[in-house]
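No lab work stands behind these numbers, since they all come straight from the coordinates. No experiment lies behind these values; they were computed from the predicted model shown. Counting neighbours? That spans all protein chains shown, and the Cβs are built from the backbone with ideal geometry, glycine included.
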Amino acid sequence: MQVMGIVNVTPDSFSDGGRFLATDDAVAHGHELIAQGADLLDIGGESTRPGATRPLVADELARVVPVIETLAEEGATLSVDTMRPEVAEAAVKAGAKIINDVSGGLADPRILNVAADHGATYVVMHWRAHGAEMQHEDHLVYADGVVATVRAEIEQRIEAARAAGIQDDDIVIDPGLGFSKTADDNWRLLAGVEEFHKLGFPVLIGASRKTFLGHLLAAPDGTLRPVGERESAHDAITVFLAQRGVWATRVHDVRAAKDALAAAQKLEGLTEREENIR
C-alpha cells in the first residue's frame with residue numbers, strides 16, 4: 001500500500017494548521033516526510049475541516065504552487081488537494097500528477113475538465129457540502145445505510161468524471177471519512193471498504209488523526225484524545241486497510257504508518273513461508 005504524506009500549507013487545518021504555512025516550512029516538511037518513506041505527498045492550501053472558512057483563490061494559489069514547483073523539481077510525486085479548477089490547473093502545470101478533489105467535482109465541475117485535459121490522476125471523494133455546513137443534520141442522512149449510499153453517490157461522480165473525459169485508468173475513489181459522516185459512519189465505511197473495491201478503481205483512505213479516533217480514545221469524562229495522540233489507533237487501521245488491498249492511505253505521521261506496514265508485511269511473509277513448509 002502507498003503512503004501519502006500530508007503537507008497542509010494552511011493556517012487553520014485541524015491537525016497542524018499554521019505550522020507549514022510558509023513555503024520554506026512546507027517544503028522542509030515535505031522533505032521530512034519523504035525521508036520517512038512517503039511514496040507521494042498531498043499538498044493542500046485550503047482546510048476542509050468542519051467549520052472551515054474558504055480562502056481566496058489567490059491565497060490558495062500562493063500557498064501551494066511554490067511548494068509544488070520546488071518539490072516537483074526535486075523529483076517528488078505530488079498530489080494537489082483542492083476543489084478549485086484554477087488551483088488544480090496551476091498545480092498540474094507546476095508538476096503535480098494527481099488532483100485530489102474532496103468534492104468529487106461537486107464544488108466546481110470545471111475541475112473535471114482540468115483533470116481530463118492534462119491526463120492527471122483524479123481522486124473522486126464522497127462529499128456533500130463545504131466545511132461550514134458539512135456536519136449539518138441534513139447531510140448526515142444515509143437512508144440505505146452509509147456504505148451503500150456512499151458507494152452509489154461515488155458511482156454518480158465517476159460517471160460525471162467519465163463524461164468530462166477522464167479515463168478510468170486515471171480515477172481513484174475515496175469514501176470521504178469525516179465529511180458529512182458521524183463517528184459510527186466512519187467505522188462502518190472502514191469495515192466495508194471492500195465494497196468500494198467492487199467499483200473497480202484504486203481506493204484512497206484518509207483517516208489520520210480524525211475526530212472519530214478522538215471519540216474512540218476519549219477519556220472517561222468524554223474528553224476527546226488530543227489530535228496529535230491518535231496515531232497508534234490509526235496505525236492499526238493502516239494495517240487493516242493494507243490487508244484489504246487499499247491503494248493508499250493519507251497520513252500525517254509517515255514513519256508510524258511505514259513502521260506498521262513493515263511489521264505486518266514481515267509477519268505475512270513468515271506466515272506464508274510456514275504454510276508452504278507444511
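Kindly list, by first and then second residue, each pair from a residue in region 76-101 that is in contact (Cβ under 8 Å) with a residue 60 or more places away in the chain and over 18 Å from W127 (Cα atoms) to a residue that is of a type in the set (D, E) and buried (at least 21 other Cβ atoms within 10 Å of the Cβ), limited to pairs with Cβ atoms under 7 Å and residues at least 6 apart or on different chains.
What qualifies is S79/D42.
Residue by residue, here is whether (1) more than 15 Å from the chain's Cα centre (by Cα); (2) without any contact (Cβ under 8 Å) to a residue 12 or more places away in the chain holds:
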| residue | (1), (2) |
| --- | --- |
| V123 | no, no |
| G131 | yes, no |
| E137 | yes, yes |
| Y142 | yes, no |
| R157 | yes, no |
| D169 | yes, yes |
| A183 | yes, no |
| L189 | no, no |
| G206 | no, no |
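Within region 213-235, which residues are of a type in the set (A, V, I, L, M, F, W, C) and out of contact with any Ser or Thr (no Cβ under 8 Å at 6 or more places or on another chain)?
Selection gives L213, L216, L217, A218, A219, A233.
Residue by residue through region 102-111, note down the ones that are in a helix (DSSP H, G or I) and over 14 Å from T121 (Cα atoms).
R110 - this is the single residue of region 102-111 that is in a helix (DSSP H, G or I) and over 14 Å from T121 (Cα atoms).
Out of region 208-222, which residues are small (G, A, S) and in contact (Cβ under 8 Å) with a residue 24 or more places away in the chain?
Within region 208-222, S208 is the sole residue that qualifies.
With closer than 19 Å to A96 by Cα, surrounded by fewer than 19 Cβ atoms within 10 Å (Cβ to Cβ) and among the aliphatic types (A, V, I, L, M) as the only criterion, which of A26, A52, A38, A58 stands out?
Exactly one residue qualifies, and that residue is A58.
Do you know which of the residues in region 199-239 that are of a type in the set (D, E, K, R) and outside any helix (DSSP H, G or I) is farthest from T48 (Cα to Cα)?
D221
Name every residue in region 81-104 that is surrounded by 24 or more Cβ atoms within 10 Å (Cβ to Cβ), under 18 Å from V172 (Cβ atoms) and of a type outside the set (A, V, I, L, M, F, W, C), in order of residue number.
Once the filter is applied, which keeps residues that are surrounded by 24 or more Cβ atoms within 10 Å (Cβ to Cβ), under 18 Å from V172 (Cβ atoms) and of a type outside the set (A, V, I, L, M, F, W, C), region 81-104 yields D81, T82, N100, D101, G104.
Residue check: is D144 of a type outside the set (V, I, T), assigned to a loop (DSSP other than H, G, I, E, B) and in contact with a Pro (Cβ under 7 Å, 6 or more places away or on another chain)?
No; evaluated as a whole, the condition is false for this residue.
Filter region 240-259 down to residues that are touching a His at 6+ places or on another chain (Cβ under 9 Å) and in a helix (DSSP H, G or I) and give me whichever is farthest from G178 (Cα to Cα). Steps first, answer last, please.
As a first pass, look at region 240-259 and keep what is touching a His at 6+ places or on another chain (Cβ under 9 Å): 244-246, 249, 251-253, 256-257.
With the extra rule that they be in a helix (DSSP H, G or I), the set shrinks to 256-257.
Numbers: A256: 21, A257: 20 Å.
Per the criteria, the residue is A256.
Taking region 114-146, which residues are in contact with a Gly (Cβ under 7 Å, 6 or more places away or on another chain), surrounded by fewer than 20 Cβ atoms within 10 Å (Cβ to Cβ) and either farther than 23 Å from V67 by Cβ or among the polar types (S, T, N, Q) (or both)? Give the steps one after another, and end with the answer.
Let us first name the residues in region 114-146 that are in contact with a Gly (Cβ under 7 Å, 6 or more places away or on another chain), namely 116, 124-127, 131-132.
Those still in the list that are surrounded by fewer than 20 Cβ atoms within 10 Å (Cβ to Cβ) too: 116, 131-132.
A116, A132, listed by residue number.
Which members of region 60-93 meet the condition of being of a type in the set (G, A, S), touching a helix residue (DSSP H, G or I) at 6+ places or on another chain (Cβ under 7 Å) and either part of a loop (DSSP other than H, G, I, E, B) or closer than 14 Å to D42 by Cα (or both)?
Within region 60-93, A72, A76, A88, A91 meet the criteria.
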